[in-house]
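I have placed the structure first, in the form of C-alpha cells, so that the comments after it can refer back to it.
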Amino acid sequence: MSKGKKQDSNRWGTATRAIHSASGPEVYGPGMGAPIGTPIWQSSTFAFREPGEVADAATATRPETFYTRYGNPNFTAVQEAIALLEGGEAALVTASGMAAIMLVFLGLLKNGDHVIAQTCHYVGTMKALEAWLPRYGIDVTLVEQTDLGAFEAAIRPETRLIFLETPVNPTLAVTDLAGVAALARQRGITTCMDNTFATPINQRPIEHGIDLVVHSATKYLGGHSDVTAGIIVGDRERIETLWFGLIIHGGISHPFESWLLARGIQTLPFRVARHNSNAMTVAQFLESHGAVERVYYPGLATHPQHELAKKQMDGFGGMVVFELAGGFEAARNFAARMQLARRAVSLGGTETLAVHAASMIHARLTPEQRAEAGISENLIRVSVGLEDAEDIIADFDQALAG
Ligand SMILES: Cc1ncc(COP(=O)(O)O)c(C=O)c1O
C-alpha cells in the first residue's frame with residue numbers, strides 16, 4: 001500500500017488535510033488504477049501468503065490488516081485524518097463517543113486513582129464519572145470549570161487524570177485549556193478534553209498543552225446524522241496503551257461506519273465555517289428578541305468567558321443555547337411550534353435540531369426533581385444547521401411569536 005502522498009501532510013493547510021488524509025490506502029496493481037473513493041474493507045479477517053506473515057500481524061501493535069477488532073484500513077483512514085487535524089501523533093476510532101470516553105477512563109485508571117472533572121459535562125460522561133468510576137475504586141472530584149483555582153485545589157498525590165469539556169454540553173461554559181494543562185503537566189497528570197462541540201477546526205486542545213482529545217464523532221466529524229462513532233487523539237504511547245485496552249474492551253468502530261466518518265471529515269472545514277456563521281447570526285437574532293431572556297453563545301460579547309473563548313478558539317461553533325422569558329410553558333410552546341428545525345437530540349448534522357430538555361428529555365421528572373438535577377425549565381438547545389440562516393431565523397421568529 002502506497003502512502004507516498006501523505007508524506008508532506010504536516011505542511012498542509014486545514015482543507016488539504018481534511019480532504020487528502022481521509023482517503024485511505026492507495027492500492028495499485030499491475031495496470032490497475034487506485035480508487036479515488038475509498039473502498040469499504042468490509043472484512044472481519046485478512047488472509048496472508050505465508051504463515052510467518054500471520055504470526056507477524058498477530059504480534060504487531062495496531063496491525064492494519066489481521067483481524068478487524070485489531071485494525072482495518074477504513075479505521076486507519078479516519079485515524080490518520082483526525083490525528084492530523086487535531087495535531088496529535090496518533091488516533092483511535094471507537095464504536096461511539098461514550099466508548100471513547102470509557103476507554104480513556106478504564107484504560108488509563110486503576111483502583112485507588114483520583115480524577116478531577118467539571119461539575120457540568122455531557123450527561124453520559126457525568127453518569128460515568130458519578131456512578132461508574134466509584135464502582136472501580138476510582139475517586140472523582142467535580143469542580144466549577146470556570147475557576148482555575150478550583151482545579152489546582154482539587155489536585156491530590158493520587159490524581160491521575162483531569163477530564164475537561166469546553167464549550168460544555170449544554171451550558172456552553174468555557175474552560176481555560178492552557179491554564180489546566182500547565183497545572184497538570186507540572187505534576188505529571190494526564191489531561192483529556194472532549195472537543196465534540198468545537199471540532200479541530202475551531203479548537204485544537206493539543207496546541208494548548210492537553211494530552212488527549214476525545215470526540216463524539218457522531219456529531220460534527222460525521223456531520224450528516226448517520227454515523228455513531230468516537231475518536232481519541234494523542235501521543236503514540238498513550239494511544240497504543242488505549243489500543244491494547246480497546247481490543248479487550250471490544251468497542252470498535254466498523255468498516256462502513258468509519259468509511260462514512262472519513263467521508264464526513266473531508267468536508268469538515270467547510271461545514272464548520274458555515275455552522276459558525278449561521279450560529280452567530282441566530283445567536284444575535286435571539287439576543288435581540290424580546291421573548292428571549294438570555295442567550296449562551298461563546299461568540300457573543302455577553303458570554304461570561306467570551307475573551308477566553310476568543311483566545312483559545314478560531315470559531316465559536318454551531319451550538320446556541322437560550323432561555324425563554326415565559327418559563328417552561330413558553331419553551332415547550334416554542335419547541336412545539338418549530339416547523340423547519342427538527343425536534344431531536346444529538347447535534348452537528350446538516351439540519352437544525354432543537355431540544356427543550358425539560359419537556360422532551362426529562363419530562364417524567366417533577367419540576368423539583370429537575371431543579372435538583374440542574375435542568376433549567378426554560379432552556380432550549382439548538383444545533384444550528386447548514387440551511388440558509390434567514391430560513392432558520394424565520395422559523396424561530398414564528399415559533400417565538402406563539
Ligand atoms: C459532548 C459530548 N460528548 C460525548 C457524547 C457521547 O457521544 P456518543 O453518543 O457518540 O456516544 C455526546 C453525545 O451527545 C456529547 O454531546
(request) Return the single residue from 119, 218, 146 with maximal mean-square fluctuation; model: Gaussian network over the chain, springs between Cα atoms under 10 Å. (result) 119
(message) Sort 123, 213, 345 by Cβ crowding within 10 Å, fewest neighbours at the top.
(response) 345, 123, 213
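Considering every pair of different Cα atoms, what Kirkwood radius, in Å, is found for the range 83-198?
Working: mean 1/r = 0.0691 Å⁻¹.
Averaging 1/r across every pair of different Cα atoms and inverting gives 14.5 Å.
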(request) Using the charge dipole of the range 4-266 (Lys, Arg: +1 at Cβ; Asp, Glu: -1 at Cβ; taken about the Cα centre), state which of 76, 184, 198 has its Cα farthest towards the positive end. (result) 76
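Just how large is the dipole of the range 282-402 about the Cα centre, in debye to the nearest 20, putting +1 at every Lys and Arg Cβ and -1 at every Asp and Glu Cβ?
Details: 10 positive and 16 negative charges, 76 e Å.
In total the dipole reaches around 360 debye.
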(request) Could you work out the per residue convex hull volume over the alpha carbons of the range 159-305, in cubic angstrom? (result) 137
(request) Could you tell me which of 276, 304, 290 has its Cα farthest along the dipole of the range 273-327 towards the positive end, charges placed at Cβ (Lys, Arg +1; Asp, Glu -1), taken about the Cα centre? (result) 276
(message) Taking the 0 to 90 degree range and rounding to the nearest ten, how far is the long axis of helix 255-266 tilted relative to the main principal axis of the chain, both from C-alpha atoms?
(response) 60
(message) Let's test the formula: R0 of 25 Å, r as the Cβ-Cβ distance of residue 302 and residue 397. What FRET efficiency results, to the nearest 0.05?
(response) 0.75
(request) Kindly provide the pair-distance distribution of the range 142-228 built from C-alpha pairs, with 10 Å bins from 0 and whole-percent values in order of increasing distance. (result) 17, 49, 26, 8, 1
(message) With θ taken as phi - 60° and the coefficients 6.51, -1.76 and 1.60, list the Karplus ³J(HN,Hα) couplings across the range 391-402 in order, rounded to whole Hz; mark glycine and proline as x.
(response) 6, 5, 5, 4, 5, 5, 4, 5, 5, 6, 5, x
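Could you tell me the ratio Rg/Rh of the range 268-401? Both radii from Cα atoms, Rh via Kirkwood.
Numbers: Rg = 14.5 Å, Rh = 15.1 Å.
In the range 268-401, Rg relative to Rh is 0.96.
Please give the peptides 40-50, 303-313 ranked by average Cβ packing (other Cβ atoms within 10 Å per residue), highest first, as a rough proxy for protection. Each step should come with its number before you reach the end.
Numbers: 40-50: 12.5, 303-313: 17.5.
Descending mean neighbour count gives 303-313, 40-50.
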(request) Run the dipole for the chain about the Cα centre, Lys and Arg Cβ at +1, Asp and Glu Cβ at -1, nothing else charged, and hand back the magnitude in debye, nearest 20. (result) 580
(message) How would 113, 194, 8 line up from fewest to most surrounding beta-carbon atoms within 10 angstrom?
(response) 8, 113, 194
(message) Rounded to whole Å, give me the distance from the Cα center of the range 116-190 to that of the range 296-356.
(response) 24
(message) How tilted is helix 236-249 with respect to the longest principal axis of the chain? Cα atoms for both, answer in degrees (0 to 90, nearest 10).
(response) 90
(request) Just need the Rg to Rh number for the range 4-266, please, alpha carbons only, Kirkwood Rh. (result) 0.99
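Compute the FRET efficiency between residue 342 and residue 171 as 1/(1 + (r/R0)^6), taking r as their Cβ-Cβ distance and R0 = 25 Å, and round to the nearest 0.05.
0.65
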(request) Taking only Cα atoms and a 10 Å spring cutoff, compute GNM fluctuations for the chain and point out the largest among 374, 112, 124. (result) 374
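Read the figures in this text as sums done on the coordinates, not as results from a lab. This one's a predicted model, so the numbers in the text were calculated from it and none came from an experiment. Here Cβ is always computed from backbone atoms with ideal geometry, including for glycine, and neighbour counts include all displayed protein chains.
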